[in-house]
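*Asks:* Would you mind keeping the following structure in view while I ask a few things?
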Amino acid sequence: MIQTTETGETIETPPAIVAMLNQKGGVGKTTLTIHVAGALAERELDVLVVDLAPEGALTSILGYDEAYSDLDRELSLHELLLDPSRAGDVADLVLEGEEFDLLPANERMVDRTGGELNGEPRARERLKMVLDKLGAGYDVVLVDNMPSINVLTDNALVASDGVLIPAYAEALSVQGLDRLQKQIDGVREYFGAVRILGIVANRVEHNKQADAMLEQLHTEFEDGLGIPVFDVYKRVDLQRAIAAQERSIFAAEELDSDMVEVIAEIAATVDNELVGEVDD
């Protein structure tokens, strides 16, 4: 991003980078990424979303199936991660959107990128090398990840200033947070602090089990560790906005949800905790 100092000097500052991460699948990381990106754009921030998941769900949902399945193109995110000398070409891959831009995944990444990165020098720093080349073009970068603990999700953590953790309000999902915490601690040991910005209890149902799990999440994380917990209840319009219009609830036409306020609160946390900090 470009900032103006009190003396009128113009300076370039890097974007705040946030990993959307949970090693458990089906917790709504991708849809949450889209809605949070829309909420950040609503705050007049320039946003880039990165699809680091080889299956390319984010790329596909946003309507870029051709970009994902194009195996004839010379350059994709796979090449950028494998060859640091090409990191500067990242701008050539970015797809511009009305709400936010996308750095798409490519089918070439499936069963290849993670395996080929293992054993390479600075293997866990490759995404950071790529995003460092973005310069001042964005205020915030959101990185959507595959549901796994591996070299690609390590890349997301190493590149990021903060982490948002989507989770279901169910026992297995809550228990899996311990394994994710160990991965975050491992990255912190070698690459410095990664801030957990919040736990997002996503697609919450109205039942006794969900109520019990929500209480556990709030007690353990919010009360015990000071980590915010955001409750996003399951709402049809959150799904319709993406499925029918390929955009967030904030830009969808004739759709609304009482969860907009909660998602806006998540975006405000990212803005206040990271973007404002970068500005300073």
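*Asks:* When only residues in the stretch 79-106 that are in a helix (DSSP H, G or I) and within 18 Å of the chain's Cα centre (by Cα) count, which is surrounded by the fewest Cβ atoms within 10 Å (Cβ to Cβ)?
*Replies:* VAL90
*Asks:* Still on this structure: Going through ASN145, ASN118, ASN150 one at a time, which residue ends up being polar (S, T, N, Q), exposed (fewer than 15 other Cβ atoms within 10 Å of the Cβ) and either in contact with a Leu (Cβ under 7 Å, 6 or more places away or on another chain) or modelled with pLDDT under 95 (or both)?
*Replies:* Result of the check over ASN145, ASN118, ASN150: ASN118.
*Asks:* Looking only at residues that are charged (D, E, K, R) and assigned to a strand (DSSP E or B) in the stretch 200-242, which one is nearest to ASN22 (Cα to Cα)?
*Replies:* Top of the filtered list is ARG203.
*Asks:* All but one of (1) closer than 13 Å to ALA39 by Cα; (2) surrounded by 15 or more Cβ atoms within 10 Å (Cβ to Cβ) hold for GLN245, so report the exception by its number.
*Replies:* So GLN245 meets the others, but not (1).
*Asks:* If you don't mind, there's one more thing I want to ask. Assess whether GLY63 counts as being of a type in the set (Gly, Ala, Ser), touching a Phe, Trp or Tyr at 6+ places or on another chain (Cβ under 8 Å) and more than 16 Å from ASP154 (Cβ to Cβ).
*Replies:* no
*Asks:* Here's something else I'd like to know. Could you tell me which residue of the stretch 198-210 is surrounded by the most Cβ atoms within 10 Å (Cβ to Cβ), considering only residues that are of a type outside the set (A, V, I, L, M, F, W, C) and in contact (Cβ under 8 Å) with a residue 24 or more places away in the chain?
*Replies:* ASN202
The values are calculated or read from the model by the stated rules, or taken from the named source; none is laboratory data. Model, not experiment: these values are computed from the prediction. Here Cβ is always computed from backbone atoms with ideal geometry, including for glycine, and neighbour counts include all displayed protein chains.
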